[in-house]
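Here is the structure we will look at.
Readers should treat all values here as calculations from the given coordinates under stated rules, not as data from a laboratory. The model shown is predicted, which means the values in this text are computed figures rather than measured ones. Note that we place each Cβ from the backbone using ideal geometry, even for glycine, and neighbour counts take in every protein chain shown.
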Amino acid sequence: MDKPLAASTLNKVLAFGLAITLIVWTFGVYMVLPAQAVDAHIDGTVVLSGGTVYKIMGGQRLGYPTPASFLSYNYQWGNLVPANSADLALPQGANVKVADGALINDGGTVFLVYGGTKYGFTSAAVFTGLGYKWSNVLNDSLSSYPQGANVDSATMAHPNGTLVNASGTIFLITSTGRAGIPTLAVFQSHGFDFAKSVPANSADLAKPTEANLGYRVGSVINDGGTIWGITSA
């Protein structure tokens, strides 16, 4: 069966990129029906092929060059599914950069990454003053990333990709404001962890409130027994 067209944010998953061979009993004889055509996985799916991790997106497969680049998007290794022949037939695009808001230790120096640029902290006091925890730092090489201005203020607004806690309400900081997270299911679809949120400061709260965040693209949702694949934000 073909996957339906992406007509809305929720699109029913009728096929998960797997070929299906049906064996039926007809008139006392087993008949093997031909396998259905294999489709590439839906956008946002993370797939594994021979030790290489890819994200299917926009008709391409995008590689994650390091474990940290994968983990920075709050994925777990258990989120991976085997790549199929249709996935591997897609053209390979550019590698995925470390996620906005990630904290990366590169050779003993901790950087805040967003917009494909790394920003160093001027002191541990600034790092902890912004609410960050050393336990949330990933190890990676950022030698190919340009370096921006140092992070020297504990009162600056947190960058894109940061989860902030405003008196019990969790927001995701974006490039233009802060987006609410309407349900625990949406929160979990993004792989978020409450332990990675930081206290919102006045600069965060001064940002405009935007529309609520939706499910992560590539999520598979069980809605009362009906399975849906999220193919657009």
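Tabulated data
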read-out	value
Student exercise, the range 112-205 dipole from Lys, Arg, Asp, Glu Cβ charges, in Debye to nearest 20	60 debye
Measure of compaction for the range 76-117 (Cα Rg per 2.2 N^0.38 Å)	1.65
Cross-link partners of residue 196 among aspartates and glutamates (Cα-Cα below 20 Å; sequence separation of 8 or more within a chain)	100, 106, 140, 204
